[in-house]
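First the structure, in the form of structure tokens, and then the observations on it.
The values are calculated or read from the model by the stated rules, or taken from the named source; none is laboratory data. What you are looking at is a predicted structure, and each value in this text was computed from that prediction instead of being measured. For neighbour counting, all protein chains shown are included, and Cβ atoms are generated from backbone atoms with ideal geometry for every residue, glycine included. Just the protein is used for accessible areas: all its heavy atoms, side chains included, with ligands, DNA and RNA removed. Shrake-Rupley method; radii C 1.70, N 1.55, O 1.52, S 1.80 Å.
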Number of protein chains: 2
Amino acid sequence: MTEERKISMAVIRRLPRYYRYLGELLDNGVTKISSRELSEKMKVTASQIRQDLNNFGGFGQQGYGYNVEYLHKEIAKILGLDKTHTMIIVGVGNLGQALANYPSFSKRGFNLIGLFDINPRLIGMSMRGIEVMDIDKMEDFVKTNKVDIAILTMPKTRVKETAENLAKWGVKGLWNFSPVDLFLPEHVHVENVHLSHSLMTLAYKINEAEELDNGNDYKPF
Amino acid sequence: MTEERKISMAVIRRLPRYYRYLGELLDNGVTKISSRELSEKMKVTASQIRQDLNNFGGFGQQGYGYNVEYLHKEIAKILGLDKTHTMIIVGVGNLGQALANYPSFSKRGFNLIGLFDINPRLIGMSMRGIEVMDIDKMEDFVKTNKVDIAILTMPKTRVKETAENLAKWGVKGLWNFSPVDLFLPEHVHVENVHLSHSLMTLAYKINEAEELDNGNDYKPF
DNA sequence: TAGATTGTTAATCGATTAACAATC
DNA sequence: TAGATTGTTAATCGATTAACAATC
């Protein structure tokens, strides 16, 4: 029995950035890089980069550094980008349409195979060669097609119920854009994009900086 | 001289969730709540809630708990939601339009005052009562209007230069939706929304779960 | 007053950084 | 071989959780 090394999400969330940066190096014809060089360009410590990578194996070579192409590929494997994933979008409003038109997803093996909405004016329309279907047809669709990921870009009132149904029908991942917390069985993975939270965080940063400029600490009373 | 209590971003990023949840309680007519009750509903520890809040002051009352309305308002103040913020959107493609139509921003005091694009087919169009302007007019606009936040939803090739210009022209916060790292003077605050990173993280979770199901650890060789 | 729950200090846990032996 | 840089252990730092005295 191999030992369980539970890797923290803090590590995982840094990998896409490494991956992106290595992709840029690759495009620029760079073949090798050391953790120190990488750390300087990415403004993290070299130690962190080496620790992060060594959670998954020794990808470098002492005295040399890392082969860019190899490391790039290995990170892809860790993240599961060497596999293809099927996706549906539930709620084809502005945001849903924006995501449907995102070209870089399919490049990374995320293939959109279905669009669903409740709005009769949208049903039957075609985007990226995919017809928008009535949400009533979703259960059938999900059960007959293998759907890995459902993108939830619908009004928040219907998200909880929809998420629970999708989980029941075998969808493994939910990419949730609603300001709603989903508590689902642990075999269903949820990734939240809380845009309003992100904006509030930005407001905090701006606000805090101004208060410090004015020489004021935050005073509750 | 008041002491410097540098509050970590980990704490700040939890506040919007508390804020949202308290708002829901408020809508449901709940007037008081204890840290324990809150912790059970939000699936965090009561200790963490109390520690987080006590970074900013004592908002509760021993033996009673927290007044929902008061705490909700105080968190708003901490995040700077008691002030209004002006925003412009730079790049009115699918995602920019989606954000322009997001109703909840203005509810929280984030007011959209300008839309900019490079595409002649979009320039002159009107969204939410705001005309899309040529990006050439942006410098003038930013310098004559007080712009707090610029939402960057443009192609990544032009983001770096645009961000540097906006910083120079006095914009305090950038909400960056491009897969680009911005290194700017520290008085300019950047909040990144890296959708592709988020999706890759979801792919990892799905993938990892399957490998564990199959009894496989990740094997690099 | 007795019971409840905060505010806050102390203990624990986990993540990051530093250091260096291994090795290419 | 000498120099460089990894992989990995040890030290530090920070964040979370536990405990409890203060107090409403």
Peptide A:76-85, shielding by other chains (average Cβ, 10 Å cutoff): 5
Residue list for segment B:157-188, given a label point 7 angstrom along the Cα-to-Cβ vector of A:VAL30 and an amide N cut-off under 14 Å: B:181
Size of electric dipole in segment A:9-79: Cβ of Lys, Arg +1 and of Asp, Glu -1, about Cα centre, debye, nearest 20: 220
Using alpha carbons only: equivalent-ellipsoid semi-axes of segment B:55-107, gyration tensor based, whole Å: 35, 11, 8
GluC sites (Glu not before Pro) lying in DSSP loop within segment B:157-216, provided at most 13 other Cβ fall within 10 Å: B:GLU186
Antiparallel %, DSSP beta bridges [both residues in segment A:85-197], to 5: 10
Magnitude of the charge dipole, segment A:26-143, Cβ model with Lys/Arg +1 and Asp/Glu -1, debye to 20: 420
Pair B:GLU40, A:SER47: separation of 7 Å Cα→Cβ label points (nm): 4.3
Nearest-ten-degree value, helix B:68-79 long axis tilted from longest Cα axis of chain B: 40
Nearest-ten-degree value, helix A:159-168 long axis tilted from longest Cα axis of chain A: 80
Global geometry of segment B:85-197, whether rounded, prolate or oblate, following the gyration tensor of its Cα atoms and the 1.5 cut on a/c: rounded
Copy-to-copy label separations for B:LYS77, where each label sits 7 Å from Cα toward Cβ, in nm and ascending: 5.6
Charge dipole magnitude, Cβ of K and R +1, D and E -1 - the protein assembly as shown, Cα centre, debye nearest 20: 100
Partner aspartates and glutamates for A:LYS172 [C-alpha distance under 14 Å; skip if fewer than 8 residues away on the same chain]: A:ASP148, A:GLU164, A:GLU186, A:GLU191, B:GLU208, B:GLU210, B:GLU211, B:ASP213
DSSP beta bridges in chain A [antiparallel fraction, %, rounded to 5]: 20
Volume of the Cα convex hull of segment B:9-79, divided per residue and given in Å³: 78
Chymotrypsin sites (Phe, Trp or Tyr not before Pro) within segment B:36-77, DSSP loop, no more than 14 other Cβ atoms inside 10 Å: B:TYR64
Mean-position separation - Cα centroids, segment A:31-97 and segment B:1-72, in angstrom: 36
Angle between chain A longest axis and helix A:9-27 axis [Cα atoms, degrees, rounded to 10]: 80
Using a 7 Å Cα-to-Cβ projection, A:LYS6 label spacings across copies, nm, ascending: 3.0
Among B:ILE149, B:HIS194, B:LEU122 the positive-end extreme of the charge dipole of segment B:119-208 (Cβ point charges): B:LEU122
Share, in percent, of DSSP beta bridges within the protein assembly as shown that are antiparallel, nearest 5: 20
Longest DSSP-loop-exposure-free segment, trypsin sites (Lys or Arg not before Pro), chain B, at most 13 other Cβ within 10 Å: B:44-120
Links that overshoot a 32 Å alpha carbon limit, given the list A:LYS41/A:LYS156; A:LYS41/A:LYS160; A:LYS43/B:LYS73; B:LYS43/B:LYS73; B:LYS146/B:LYS205: A:LYS41/A:LYS156; A:LYS41/A:LYS160; A:LYS43/B:LYS73; B:LYS146/B:LYS205
Exposure rank, largest accessible area first [A:ASP181, B:ASP82, A:ASP52; 1.4 Å]: B:ASP82, A:ASP181, A:ASP52
For the protein assembly as shown, average projected area of the Cα convex hull in nm²: 25.2
Inverse mean reciprocal Cα-Cα distance (Kirkwood Rh) of chain A, Å: 20.5
